[in-house]
1. Restricting the range 120-133 to residues that are within 7 Å of ligand 1 (Cβ to nearest atom) and under 13 Å from the mean Cα position of the chain (by Cα), which is farthest from Thr8 (Cα to Cα)?
2. If we keep just the residues of the range 50-75 that are within 14 Å of ligand 2 (Cβ to nearest atom) and under 24 Å from Tyr105 (Cα atoms), which is surrounded by the fewest Cβ atoms within 10 Å (Cβ to Cβ)?
3. Can you name every residue in the range 90-114 that is within 17 Å of Leu77 (Cα to Cα) and not aliphatic (A, V, I, L, M)?
4. Just a yes or no: is a residue in the range 288-295 within 22 Å of Lys20 (Cα to Cα) and either at pLDDT 95 or above or away from ligand 2 (no atom under 16 Å from the Cβ) (or both)?
5. Name the residue, out of Leu273, Leu258, that is more than 25 Å from Pro100 (Cα to Cα) and modelled with pLDDT under 95.
6. Which of the residues belonging to the range 52-94 are within 13 Å of ligand 1 (Cβ to nearest atom), among the β-branched types (Val, Ile, Thr) and in a helix (DSSP H, G or I)?
7. Could you tell me whether the range 357-371 includes any residue that is touching a helix residue (DSSP H, G or I) at 6+ places or on another chain (Cβ under 9 Å), surrounded by fewer than 20 Cβ atoms within 10 Å (Cβ to Cβ) and among the acidic types (Asp, Glu)?
8. I need the full set of residues from the range 317-370 which are assigned to a helix (DSSP H, G or I) and aromatic (Phe, Trp, Tyr), in order please.
Amino acid sequence: MIRAPRGTFDILPESHQRRKLLESAAERILGAAGYRRIETPTFEATELFARGVGEATDIVRKEMYTFDDGAGRSLTLRPEVTAPVCRAYLEHGMRKLPQPVKLWYLSTCFRAEAPQRGRYRQFWQFGAEAIGSDAPETDGELIVLLADLLEAVGVRPTRLRLSSLGTPATRAEYREELKAFLRAHEEQLAGDVRDRIDLNPMRAFDSGDAGTRAVMRDAPTLLDRLHPDDAEHFDAVRALLDEAGLTYELDPTLVRGLDYYTRTVFEFTSDALGAQSGVGGGGRYDGLIELLDGPPTPASGWAAGVERMLLATSELPTAPELVDLYVALANRDGARTAFELAVDARRAGLQAQQELAGRSLKGQLRHADRIGARYVAIIGDNGVATLKDMESGEEHDTGVGDVIPEILRAGTRT
Ligand code: ATP
Ligand code: MG
């Protein structure tokens, strides 16, 4: 048997229903703030991600599905959607529109990762981007929108971690300062931390080692080193979140997997998830559009994983599928009449199905009951049908041509 590739999954009809609920919640919540939906291609020029996500990131170094298009061009299945949205913004001259341009998406992403619960090789992301504004209110709006979306679909409990990365220059200076600090305390650090001072000094903040933890209590943090403009911007974002009643934890060690972030960064996690606790996150990426050869353009956004949202949501009400009419056959002679009645019923706006499996009459009624049909019309001889109300059990004979008007007169179910 041929199976779906490792780390991929089928979305079966039942789970598709739950996804549709997420989609309509996103449509409603993001639409109300003026975000309009965009869909970019599944694959892009590899260079877009190499530049836009960053050559040094795990995503570009290890996680991309890259292939040759047969004509010498390197293409990549999108591992994320922010760079493609920025490409589209530039390609379609959206900077001539009133700014910021607010966009949202629901798209598949592809990353070559070790599959586990909440981590797949093809997965879905919701995202929102506001391109062309550096206002702290833009960051505030985006964070509140993601909080509201998670709340609306029942992702609970969530924690919001918040920080500011300042500018790449501040970050580079800070990194050197932190490395020097770690070297000065080298003999008190755990071996693995010491070995990685140059490669990844930030890791020291996550260490469980007692000696390292003691040292890190006095370590300089990036938040203390922000340029005054960036610090002011960050204070404004925090005040807005307070205003909106969102609780958050300041986490100066928050680093995001993408290179392009500046200033605000944030992440929502859920305790309902295990190791893969990140539900969604994002931040400001003022340098990205320029990296893609555009003019200096501030921007901010987030992405949230659909599968992790579903995993963290215990109950999503699934609406029952509606079937107004099931057309059954008393005998095979009625087959064409049954087909016609089902077609006409659907054209009249009813949800109608017909018998397709050659069941006995008893079997047809049992099937109609199982799929929740409201009425069954049993096609008999000479243009007569028995119309049965499945809820009350009442039934009577009527002309085939009267079946649809009778159901319509009875009104649709709410
Ligand atoms: P993680 O730290 O879990 O690897 P990330 O930092 O790589 O996450 P982002 O690139 O910020 O994640 O993507 C945004 C969201 O997309 C994540 O919060 C998560 O919900 C989801 N996501 C990321 N990678 C995967 C994956 N391989 N499978 C399923 N969902 C994912
Ligand atoms: Mg990752």
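The values are calculated or read from the model by the stated rules, or taken from the named source; none is laboratory data. Computed from a predicted structure; not experimentally measured. All Cβ positions, even for glycine, are placed from backbone atoms using ideal geometry, and neighbour counts span all protein chains on display.
1. Ranking the candidates gives Gln125 first.
2. My answer is Asp58.
3. Result: Tyr105, Ser107, Thr108, Cys109, Phe110, Arg111, Glu113.
4. Residues of the range 288-295 within 22 Å of Lys20 (Cα to Cα): none.
No, the conditions are met nowhere in the range 288-295.
5. Being more than 25 Å from Pro100 (Cα to Cα) and modelled with pLDDT under 95 holds for just one of Leu273, Leu258, which is Leu273.
6. Result: Ile59, Val60, Thr82.
7. Checked the range 357-371: no residue is touching a helix residue (DSSP H, G or I) at 6+ places or on another chain (Cβ under 9 Å), surrounded by fewer than 20 Cβ atoms within 10 Å (Cβ to Cβ) and among the acidic types (Asp, Glu).
8. Of all residues in the range 317-370, those assigned to a helix (DSSP H, G or I) come to 332-347, 361-370.
Across the range 317-370, the qualifying residue is only Phe339.
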